[in-house]
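Beneath this line is the structure, given in structure tokens, with notes to follow.
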């Protein structure tokens, strides 16, 4: 098996073979906030969560990730926005009912928007509980596999050459958030934030220094790769296990919450 070809054609979300890099933190790909969405209005109005959906798994019937991700999102927002009341997710789900939650999630999944008629219905159901509602969608979830040659060490004129390779696995996720004002019936905040987290480890390949034809010459990279992966039918198994989705999602939640009005004072 051609290892480089196998690595390039493998697919887990989107798998790439790239030079090893170190993640540089979250990227705010877009952030639009209506002038009416102030810290005071946010604190006075309160927030209810409408859940989480995803477009990453188009063939799946289970596009509702709300029970998994709404509680940690609520916790992060409460930590970052201390003056804002955030309704308990289970209470909001009970108040609105599964049918209404699914209606909102399907609309946001399909179009990235909630229609005025939907907002009007939510206003009646959540009267006295929350002025603002937040819905979010996982836009992408990619695994990237990195490979980088480290310095080679040579022992003796006809000794062994050890070439170190760093193998890295990085998870990159993007999430879109929308906050709606039920009183005015409009979207007052929209953001798309991307973040990444990676793991890496080193492997060494040793061989006679005469392999390259001259003492002290490093091994051919393609031969090195063949030795590392050993014609494995699943070469990606040689890379570190990727971070869990939840790890990256929670990092993005923190970046989003820090950009809401109360935290920006």
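For region 27-137, the convex hull spanned by the alpha carbon atoms encloses 122 Å³ per residue. Between residue 109 and residue 94, the modelled label-to-label distance comes to 2.5 nm, taking each label 7 Å out from Cα in the direction of the beta carbon.
None of the figures in this text is laboratory data; all of them are computed from the coordinates on show. Treat the numbers as computed from the prediction; the structure is a model and nothing was measured. Cβ sites come from the backbone with ideal geometry, for glycine too, and all protein chains shown count toward neighbours.
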